[in-house]
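S.K.: Take a look at the following structure, please.
The values are calculated or read from the model by the stated rules, or taken from the named source; none is laboratory data. Fair warning: this is a prediction, and the values are worked out from it, not measured in the lab. We place every Cβ from the backbone using ideal geometry, glycine too, and count neighbours over all the protein chains shown. Ligands, DNA and RNA are stripped out before the accessible areas are found, and what is left, the full protein with its side chains, is counted by its heavy atoms. Shrake-Rupley method; radii C 1.70, N 1.55, O 1.52, S 1.80 Å.
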Amino acid sequence: MLSTNLTRSLFDEPDAPTPAAATLSAPELLATLRLWAEQGWLRRLDAALAALVHELHPASPPALLLGVALLSHLEGQGHTCMPLQALHTQRSTWLPWPPAGQAALDALWPLLPTQEAQWLSVLAGQPTVREPQQPDHGQPLVLAQHPLRLYLRRHHADEQVVAQHLSLRSQAAQDAPAPSLLRPVLDQLFGAAEGRPLDWQRQACALAVRARLGVITGGPGTGKTYTAARLLATVLATTTEPSRLRIALAAPTGKAAARLKLSIADALLTLPQVTSPTTGETLHMPALVNRLETARTLHAWLGARPDTRQFARHAGDPLAVDVMIVDEASMIHLEMMAALLDALPTQARLVLLGDKDQLASVEAGAVLGDLCQGAERGGYSPDTAAWLQQATGQALPAEMLATSAPKPLAQLTVMLRESRRFSGPIGQLALAANRGDAAAATQALTQAGPELAADFSGRSDRLTHLALHGRPEAPEPGGYARCLAALAERPAASEEAHQRWVAALLQGFERFRLLCATREGPWGVSGINAAIQHALAHEGLLRPDGLWWPGRPVMVTRNEPALGVFNGDIGLTLPAWAAPGQAPTLKVWFAQGDTLRAISPMRLPHTDTAFAMTVHKSQGSEFGHTVLVLPDQGGQLLSRELVYTGITRARLAFTLVCPQRQIWGQALEKLTQRASGLAFGMDA
Ligand SMILES: Nc1ncnc2c1ncn2[C@@H]1O[C@H](COP(=O)(O)OP(=O)(O)OP(=O)(O)O)[C@@H](O)[C@H]1O
């Protein structure tokens, strides 16, 4: 039933509801939401949550029931809250539903208040809604102000945890090395400062040791890991007992973690000699590299428990680390960041590395994006600028100083701007895509050298041919046929030879990958995987038989901590070593740094075939030749960040396959916006 007050207040509005909306009973509204779920505009969960709120409090106003369903829907799209004023003023941005869905929304839209004050009077005091300052009785919803936004309680709690920890960590650490101590260390690591252009890597090193948190963002090849290695050297050179420092390396995926460890170890070994101004001793880098533990996924560090949201490490039983460097931080969602900050001892230093322009995680929240808002413009306070000048010997340009009240997080964040590895045609394409400059991106794709190519033909047979045979003219031709031809060359001589064969096949497979925007449909992951598998079988390169067959590449789709593999890890199904006369069994092989892990397929029930994978799942990985496949229809998943992330997975060659040319332009135009209150929580 509609509450009488609400009905009256809605009818009093100039844009009074259509009678249909105004006379809708709660059961009718809930039935409509279920219908929307059947249409695919909402998830079943979204409609069920509205029903739960109604069940908890049958007098809940319809605006609340519809609002909850929309909030839950937005959560599924990666938002952590629903901005109530923006929902009204920018409806098509937050709810870009198809035309039929829009028409259905139109009919119920008058149920929703148009002004924050009206929302406040509808929601405040509802037994299912809590305001942050009110006692927590387990209300499923939280209403926060300035600006007014509605949360599912879990996200509000996580956001509070993150905001509180970040605020604490952003204060200058009491034991931060004095600028006079830092200066000689940075000069040894980066060369003398005088007469050199501003070096953001040097600034990043200095800022990251000033507080308990450092955020280093930058595009591919801008030297994030190069800087992180120097940062470690800086910490070691300025502490009194460097041999006791416990250093942890982490990333959201196993592949990214392994890559971080290799890059950091390489960078440490090529550092110039550094003498500690504290101890007077020269740092012994090989010893430090030997002491570095294997880099692990965040799930592994935190002790993720399968099928629960619980972690073994938390404030009551924290991680035993002094410095933690986390790469690919753009993939960390709100809940994971809350768990990480909760489990990290307060005195430990946290350094986040990542590219703020990449796709955010599938799960709700875009923490790195929130932290790096405005990073291009610096926003440093006069105090930070003076401290940096003393520590680095370089002055920040005036345009990098804050023009209004300086934000605490800006004082910890540095954006690296010069790409060292990514300056060729792929780099140019990535820059154009990141600017949303479709004309420049298309020109780069179609007129640059053999590194880049585009196929707008819409012919699936051409895509399958590309998947099998690559582009012979490209610096890394790619194509699965070449890689899988080695399947027939399994050595029988020795177990070592067999291991080398497995390692070479895994390496070959990593040189080429198809990345799709979508899962379903002929241009999505499942359709393309099926087409490639069929074509490889047709050419006699594979013999698919049941679910498991030699040459089947798989992606693990669930964390399996007991097996040492995690969601997103990629393996290849190959025979195990068998002594002469014995039948080999099939194993799924994973490369983990320099070692191979073989797991019985029976122990891996949660896997997908992975000739093609989603762009989302490719984050943290790079391939010699990357093929980005866009769908033939637009949709919510397409965005500039998705295209940019796809392009920046390519090391030597990139091919775009886009069956409808206008989809390319549409994708580049659409910049993703994720609702979050983190910045407001931090500034409060
Ligand atoms: N200041 C520098 N001087 C010389 N070489 C550098 C410098 N900074 C980075 N490099 C080199 O540039 C390459 C890319 O650096 P690095 O791997 O640290 O970048 P990244 O930002 O971590 O890249 P990705 O986003 O791919 O992880 C490396 O070979 C590194 O040694």
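S.K.: How do the pairs read when you match residues in region 409-433 that are without any contact (Cβ under 8 Å) to a residue 24 or more places away in the chain with residues anywhere that are away from the ligand (no atom under 16 Å from the Cβ) and part of a helix (DSSP H, G or I), using Cβ under 6 Å and keeping only pairs 6 or more apart or on different chains?
M.R.: As it stands, the answer is Q428/A444; A432/A440; A432/A441; A432/A444, since those pairs meet every condition given.
S.K.: Ok, one more. Report yes if some residue within region 622-631 is on the phi > 0 side of the Ramachandran plot and of a type outside the set (A, V, I, L, M, F, W, C); otherwise report no.
M.R.: no
S.K.: Follow-up. Among A448, A405, A432, which is the only one that is more than 17 Å from G218 (Cβ to Cβ), at pLDDT 90 or above, aliphatic (A, V, I, L, M) and more than 16 Å from the ligand (Cβ to nearest atom)?
M.R.: The unique qualifying residue is A432.
S.K.: While we're looking at this one, here's another question. Considering (1) buried (at least 22 other Cβ atoms within 10 Å of the Cβ); (2) at pLDDT 95 or above; (3) hydroxyl-bearing (S, T, Y), say which one T80 fails and leave the rest.
M.R.: Of (1) buried (at least 22 other Cβ atoms within 10 Å of the Cβ); (2) at pLDDT 95 or above; (3) hydroxyl-bearing (S, T, Y), only one is false for T80: (2).
S.K.: Can you tell me which residue in region 173-226 is farthest from the ligand (Cβ to nearest atom), limited to those that are of a type in the set (D, E) and either open to solvent by less than 40 Å² (accessible area, probe 1.4 Å) or not in a helix (DSSP H, G or I) (or both)?
M.R.: Across region 173-226, the extreme among qualifying residues is D175.
S.K.: Another question about this same structure. Pull up region 282-328, narrow it to residues that are of a type in the set (D, E) and modelled with pLDDT of 85 or more, then point me to the one that is surrounded by the fewest Cβ atoms within 10 Å (Cβ to Cβ).
M.R.: The extreme case among them is D317.
S.K.: Of R519, R471, which residue is away from the ligand (no atom under 16 Å from the Cβ) and surrounded by fewer than 17 Cβ atoms within 10 Å (Cβ to Cβ)?
M.R.: After applying the criteria, what remains is R519.
S.K.: Give me the residue from region 532-547 that is open to solvent by 40 Å² or more (accessible area, probe 1.4 Å) and among the hydrophobic types (A, V, I, L, M, F, W, C) and, out of that set, nearest to V657 (Cα to Cα).
M.R.: L541
S.K.: From the set of residues in region 640-656 that are within 14 Å of the chain's Cα centre (by Cα) and not in a helix (DSSP H, G or I), which is surrounded by the most Cβ atoms within 10 Å (Cβ to Cβ)?
M.R.: Only one residue tops the list, namely T648.
S.K.: A further question on this structure: May I ask you to list the residues in region 227-261 that are at pLDDT 90 or above, within 13 Å of the ligand (Cβ to nearest atom) and open to solvent by 10 Å² or more (accessible area, probe 1.4 Å)?
M.R.: R230
S.K.: Collect the residues in region 359-406 that are of a type outside the set (G, A, S), under 27 Å from Q619 (Cβ atoms) and touching a residue at least 60 places away in the same chain (Cβ under 8 Å), keeping them in residue-number order.
M.R.: Answer for region 359-406, where residues must be of a type outside the set (G, A, S), under 27 Å from Q619 (Cβ atoms) and touching a residue at least 60 places away in the same chain (Cβ under 8 Å): L359, V362, E363, V367, L368, D370, L371, C372, Q373.
S.K.: Does region 33-62 hold any residues that are assigned to a helix (DSSP H, G or I), more than 31 Å from the chain's Cα centre (by Cα), in contact (Cβ under 8 Å) with a residue 60 or more places away in the chain and crowded, with 20+ Cβ neighbours inside 10 Å, and which are they?
M.R.: Of everything in region 33-62, those that are assigned to a helix (DSSP H, G or I), more than 31 Å from the chain's Cα centre (by Cα), in contact (Cβ under 8 Å) with a residue 60 or more places away in the chain and crowded, with 20+ Cβ neighbours inside 10 Å turn out to be V53, P62.
S.K.: Another question about this same structure. Please go through region 589-606 and pick out each residue that is out of contact with any Leu (no Cβ under 9 Å at 6 or more places or on another chain) and either part of a helix (DSSP H, G or I) or at pLDDT 90 or above (or both).
M.R.: M602, P605, H606
S.K.: Which of (1) surrounded by fewer than 16 Cβ atoms within 10 Å (Cβ to Cβ); (2) in contact with a Gly (Cβ under 6 Å, 6 or more places away or on another chain); (3) not acidic (D, E) does G449 not meet, given it meets every other one?
M.R.: Result: G449 fails condition (2) only.
S.K.: Let me ask something else. So A576 passes all but one of these: (1) in contact with a Lys or Arg (Cβ under 7 Å, 6 or more places away or on another chain); (2) under 27 Å from I663 (Cα atoms). Which condition number does it fail?
M.R.: The number of the failed condition is (2).
S.K.: While we're on this one: Quick check on I264: is it within 16 Å of the ligand (Cβ to nearest atom), touching a helix residue (DSSP H, G or I) at 6+ places or on another chain (Cβ under 7 Å), open to solvent by less than 30 Å² (accessible area, probe 1.4 Å) and outside any strand (DSSP E or B)?
M.R.: Considered against the rule, which asks whether it is within 16 Å of the ligand (Cβ to nearest atom), touching a helix residue (DSSP H, G or I) at 6+ places or on another chain (Cβ under 7 Å), open to solvent by less than 30 Å² (accessible area, probe 1.4 Å) and outside any strand (DSSP E or B), I264 comes out as yes.
S.K.: Which ones in region 140-154 are of a type outside the set (A, V, I, L, M) and open to solvent by less than 10 Å² (accessible area, probe 1.4 Å)?
M.R.: Y151
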